[in-house]
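Once you've had a glance at the structure underneath, I'll fire off some questions.
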């Protein structure tokens with residue numbers, strides 16, 4: 001038993017319990033999805049939503065910072081804006097990476113759930129639950145007995161379960177094929193005359209499963225974004241072509257894979273997308289992000305400008321170990337050099353004004369129009385009439 005099995009086996013017991021209550025696999029799968037989503041919500045969902053609310057509360061301050069540096073794209077300005085933004089986040093207890101950790105932790109859980117779904121003989125029926133290598137022996141027993149099962153490992157266990165259900169009265173025969181194992185639960189995969197243990201094909205009604213996967217996953221992304229706070233800059237990026245391509249990439253990959261898996265696996269993806277969307281809608285309702293008026297944004301700008309003026313008056317100490325970053329645009333409100341330059345230029349401008357006044361006083365009175373004026377030109381004298 002591998003380390004990963006210790007994570008999968010508990011979920012296998014949960015799925016087995018659901019199949020024991022609801023023998024129909026699709027009904028049991030729906031209950032299983034809801035229970036697991038509730039567990040993920042309690043552990044990770046609420047924490048992620050709280051972190052998102054902290055970010056939403058800082059929206060006016062972030063908008064004020066961006067307005068302050070609007071139109072300035074040089075590297076020094078961008079670095080300075082990032083430093084001020086990070087400092088603001090730290091002062092307000094918001095961690096931009098706080099929402100990433102729960103998602104990373106959920107990844108092995110999602111992989112474990114997937115293994116439970118694609119290995120029903122082992123984790124749901126309980127056949128060699130703690131020794132997966134022996135499943136290959138059972139597959140060989142069925143092949144040697146001339147029983148037709150798929151050569152694809154992803155569908156073999158579904159074929160075996162279907163055969164056991166069809167021959168459940170032949171106890172000894174089935175027990176021999178299963179190496180003496182007795183299944184704890186045998187879920188049924190048929191609903192309305194359709195066998196969900198079969199893989200979808202374009203010629204069968206099961207082709208609706210991949211179609212539903214694509215539609216549900218796209219709609220789920222749209223609704224989830226609507227009920228999730230997003231930074232204004234991220235919202236702008238979502239309109240770009242690359243973001244739209246990414247939006248359709250994952251659903252298309254899922255559709256492609258669903259043609260090689262039992263339809264029941266595709267149904268699970270549909271259930272999970274719906275459950276995750278409903279979870280986000282409920283969290284948004286219970287813990288809604290704050291709303292702000294135009295006055296809130298103006299107040300944040302005034303607060304930012306007020307703090308900048310205080311820094312300017314106090315001298316704005318340089319950071320230790322280097323020179324203060326200056327914008328190439330030379331319009332930084334906190335740039336001390338600008339203030340010093342103005343102060344140095346002021347006395348010089350005053351002296352120039354005084355000199356002009358004195359020159360005007362010393363000049364002779366203006367000559368009337370039409371009077372002859374003597375002009376020297378290369379040592380000669382002549383009179384020129386104006």
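Bear in mind these aren't lab numbers, they're just calculated from the coordinates by the rules spelled out. What you are looking at is a predicted structure, and each value in this text was computed from that prediction instead of being measured. Every residue, glycine as well, gets a Cβ built from its backbone with ideal geometry; the counts of neighbours run over all protein chains shown.
Using Cα centres only, tell me the gap between region 145-221 and region 65-97 in whole Å.
55 Å
Any idea how far apart residue 211 and residue 103 come out in nm if each label point goes 7 Å out from Cα toward Cβ?
Here the modelled spin labels are 3.2 nm apart.
Please find the FRET efficiency linking residue 24 to residue 303, where r is the Cβ-Cβ separation and R0 is fixed at 41 Å, and quote it to the nearest 0.05.
0.10
Quick check: pseudo-label points 7 Å beyond the Cα along Cα→Cβ at residue 4 and residue 151, how many nm apart are they?
In this crude spin-label approximation the distance works out to 2.5 nm.
Grab the beta carbon distance between residue 250 and residue 75, set R0 = 35 Å, and tell me the FRET efficiency rounded to 0.05.
Between residue 250 and residue 75 the formula returns 0.55.
What distance in nm lies between label points placed 7 Å from Cα along the C-beta direction at residue 86 and residue 292?
Each label point lies 7 Å from its Cα, and together they span 2.2 nm.
Here's something else I'd like to know. Between residue 202 and residue 219, 0.36 nm times their residue separation minus their Cα-Cα distance comes to what?
This chain segment gains 3.8 nm when fully extended.
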